[in-house]
Amino acid sequence: KKQISKNSVITLSFNQRKEISKSILRLEKLVIETENEIASIEDEIIEVDKLLNSAKKIEDQLIFNNYDDLKLKLNQTMEKWEKQHEELENWINKKTW
């Protein structure tokens, strides 16, 4: 429970501080994992870009489909990162100690 101290500052219970700290750590880990996922997708896109920019004529439509899928996956993962980062910032703002 939030308690009002003599100087009207809202203090947090031990369990509230523990929950906030735990949430921050969890979200920091998720953000790092998502950043690694983004880097991996970007590496895959670079490899497909190299293939598409090679002098060879590309006959396999699957390469283009794969490229589109990677771009879509990158956008979705970036959106996921933004949401995680926003949630992390919200938890950090709750840490008042």
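The values are calculated or read from the model by the stated rules, or taken from the named source; none is laboratory data. Fair warning: this is a prediction, and the values are worked out from it, not measured in the lab. Don't worry about glycine lacking a Cβ; one is built from the backbone with ideal geometry, like all the others, and counts go over all protein chains shown. We work out accessible area using only protein heavy atoms, side chains counted, and drop any ligands, DNA or RNA first. Shrake-Rupley method; radii C 1.70, N 1.55, O 1.52, S 1.80 Å.
Quick one: Thr96 ticks every box in (1) among the hydroxyl-bearing types (Ser, Thr, Tyr); (2) touching a strand residue (DSSP E or B) at 6+ places or on another chain (Cβ under 8 Å); (3) at pLDDT 95 or above except a single one, so which number is it? With respect to (1) among the hydroxyl-bearing types (Ser, Thr, Tyr); (2) touching a strand residue (DSSP E or B) at 6+ places or on another chain (Cβ under 8 Å); (3) at pLDDT 95 or above, Thr96 is out only on (3).
Figure legend. Inter-residue proximity from region 55-66: first residues part of a helix (DSSP H, G or I), second residues of a type in the set (D, E, K, R), beta-carbon distance below 9 Å, spacing 6+ or different chains. Indicated pairs: Asn66/Glu44. Leu70 meets each of the listed conditions (1) within 18 Å of Lys29 (Cβ to Cβ); (2) in contact with an Asp or Glu (Cβ under 7 Å, 6 or more places away or on another chain) apart from (1).
Mind checking whether some residue in region 61-74 is modelled with pLDDT under 95 and open to solvent by 100 Å² or more (accessible area, probe 1.4 Å)?
Going residue by residue through region 61-74, those that are modelled with pLDDT under 95 are 61-68.
Next cut, open to solvent by 100 Å² or more (accessible area, probe 1.4 Å) only: 61-62.
Yes: one or more hits.
Among the residues making up region 50-97, a single one is in contact with a helix residue (DSSP H, G or I) (Cβ under 8 Å, 6 or more places away or on another chain) and among the acidic types (Asp, Glu): Glu87.
Name the pairs: first residue in region 25-36 and assigned to a helix (DSSP H, G or I), second residue among the β-branched types (Val, Ile, Thr), Cβ to Cβ under 8 Å, at least 6 apart or on different chains? Close Cβ pairs satisfying both conditions: Thr34/Thr77.
For region 11-32, name all the residues that are under 13 Å from Asn90 (Cα atoms) and in contact with a helix residue (DSSP H, G or I) (Cβ under 7 Å, 6 or more places away or on another chain). Of everything in region 11-32, those that are under 13 Å from Asn90 (Cα atoms) and in contact with a helix residue (DSSP H, G or I) (Cβ under 7 Å, 6 or more places away or on another chain) turn out to be Ile20, Ser23, Ile24, Leu27, Glu28.
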